[in-house]
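Inspection log for the structure reproduced underneath, given as structure tokens.
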Amino acid sequence: MKPIDIISIGEVLIDFIGHEVNTSINRTKDYHRFLGGSPTNVAVNASRLGLNAVLVASCGQDGLGDYAIRKLKSNRVNTNYIEKSETVPTSVIFVSKSTDTPDFIPYRQADCEIFPHQLPDAVIADAKVFHTTCFALSKNPARQTILNRAQKAKSLGLQLSIDVNFSERIWPDREEAKRVLKQYVANDPLVKLSEDDCYRLFAAVKSEEYIFDYFHGLGASTICLTKGKEGVVVSDVNQGLFFQKAMPIAEVKDTTGAGDAFWTGFLYAQLHGRSLEETITLAQKLAAIKLQNVGRLPDNINIKALLQE
């Protein structure tokens, strides 16, 4: 048995999330500090669901980097492959608190300083899932490290995964982004993307059919498109199309990290051999829990009960 369930590679950063709801960053007075970064959230969520998660990332040799490591350790995430840069500080992002898609301002520093020695062959060989994000692929040296190590992971039989969380604010060169995505998706990862991601990546509204054809054409067998209040659609080359309505939520408190909660549930169910329908259901349940909580997922989630409901 492989001891590592998920290697999550990419940005560890600090989210400063606005305290006032649905207020622009311009008008937000107070911010609360949270550990952030999509691969970081997935690693923390996975660990809190009882999976063995390794985070491969870089932060600064500073107070915010110390805070990030402390929070990761308190959530039992393996931090052995996180580097502390002595030349650049920890990356931070200011985020408006929103019940819709939040506004943000990124200050990127150490997050992209990921090097091959942080992903040794032996660690990859011990893992089941190799997960990353569009954000992580947007800058070198992290980009080249992830692309090279992804090929190794594929050759060792891991299931690859990517959150296509594309933003032109993070990655201004759309065509370069498509070329890099093409290289990664050639490894047949599970692909997660939202309608917002697609609109930003293609700079236009595209049909589900176009989106699915595009990513299947790059080499992905399973593509999960989240549509907010319109639910979720999964296209699988072997099993066809699956649609589920969104779960009703009385009050949305915080959307930041909901996609990461969703995708952790998706990966958890896939690791446990569940059907695609069961996988989507569990993913939606975790996203719904996250939407009703500010910051991270709450403690003591009974994942086995959620799987059986």
Karplus (6.51, -1.76, 1.60) ³J(HN,Hα), θ = phi - 60°, over segment 267-277, in Hz, Gly and Pro reported as x: 5, 4, 5, 5, 4, 9, x, 7, 5, 5, 5
Hey, got the dipole for segment 156-196? About the Cα centre, +1 on K and R Cβ, -1 on D and E Cβ, debye to the nearest 20? 120 debye
Quick one: 3J(HN,Hα) in Hz for segment 123-140, Karplus 6.51/-1.76/1.60 with θ = phi - 60°, rounded, Gly and Pro as x. 5, 4, 4, 8, 10, 9, 10, 10, 10, 8, 9, 4, 3, 5, 7, 7, 9, 7
Using the heavy atoms of the protein chains alone and a 1.4 angstrom probe, what is the accessible area of the chain per residue in square angstrom? 43 Å²
For segment 181-245, with all protein chains present and a 1.4 Å probe, just round the carbon and sulfur fraction of the accessible area to a whole percent. 48 percent
5 Å is the cut-off here: which amide hydrogens, built 1.01 Å from N in the peptide plane, fall below it relative to Val56, excluding neighbours closer than 5 in sequence? Ser8, Ile9, Gly10
The alpha-carbon center of segment 264-303 and that of segment 44-112 are separated, in whole Å, by 21 Å
With the cut-off at 1.5 for a/c, could you classify segment 8-158 from its C-alpha gyration tensor as rounded, prolate or oblate? prolate
Farthest positive-ward along segment 154-309 dipole, Cα basis, beta-carbon charges - from Phe242, Pro172, His272: His272
By the C-alpha gyration tensor axes a ≥ b ≥ c (rounded if a/c is under 1.5, else prolate when a/b exceeds b/c, else oblate), the shape of segment 77-229 is oblate
The chain - Rg (one decimal) and Dmax (whole number), Cα, Å: 17.9, 52
Among rounded, prolate and oblate, which fits segment 133-174 when a ≥ b ≥ c are the square roots of the eigenvalues of its C-alpha gyration tensor, a/c under 1.5 means rounded, and a/b larger than b/c means prolate? oblate
Can you give me the long-range amide H partners of Gln109? Hydrogens built in the peptide plane at 1.01 Å from N, cutoff under 5 Å, separation of 5 or more residues or another chain. Ser91, Val92
Is there a quick way to get the dipole size of the chain? I mean about its Cα centre, with the Cβ of Lys and Arg at +1 and of Asp and Glu at -1; what is the value in debye to the nearest 20? 440 debye
Among the listed pairs Lys128/Lys152; Lys97/Lys253; Lys73/Lys139; Lys97/Lys285, those beyond 18 Å (Cα-Cα): Lys73/Lys139; Lys97/Lys285
For Leu13, the residues 5 or more places away or on another chain with a placed amide H closer than 5 Å to its own amide H are Gly36, Gly37
Sparsely packed GluC sites (Glu not before Pro) within segment 104-194, loop by DSSP, other Cβ within 10 Å at most 12: Glu168
Please give the charge dipole size of segment 203-309, origin at the Cα centre, charges +1 on K and R Cβ atoms and -1 on D and E Cβ atoms. Round to the nearest 20 debye. 240 debye
May I ask for the Kirkwood hydrodynamic radius of segment 181-309, worked out over all distinct Cα pairs and given in angstroms to one decimal? 15.2 Å
Taking θ as phi - 60°, what are the ³J(HN,Hα) couplings along segment 33-41 by the Karplus curve (6.51, -1.76, 1.60), each to the nearest whole Hz, with x for Gly and Pro? 8, 9, 5, x, x, 4, x, 5, 4
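The values are calculated or read from the model by the stated rules, or taken from the named source; none is laboratory data. Only a predicted model underlies this, so the values are computations on that prediction, with no experimental measurement involved. Don't worry about glycine lacking a Cβ; one is built from the backbone with ideal geometry, like all the others, and counts go over all protein chains shown. Surface areas here come from the heavy atoms of the whole protein model, side chains and all, with no ligands, DNA or RNA. Shrake-Rupley method; radii C 1.70, N 1.55, O 1.52, S 1.80 Å.
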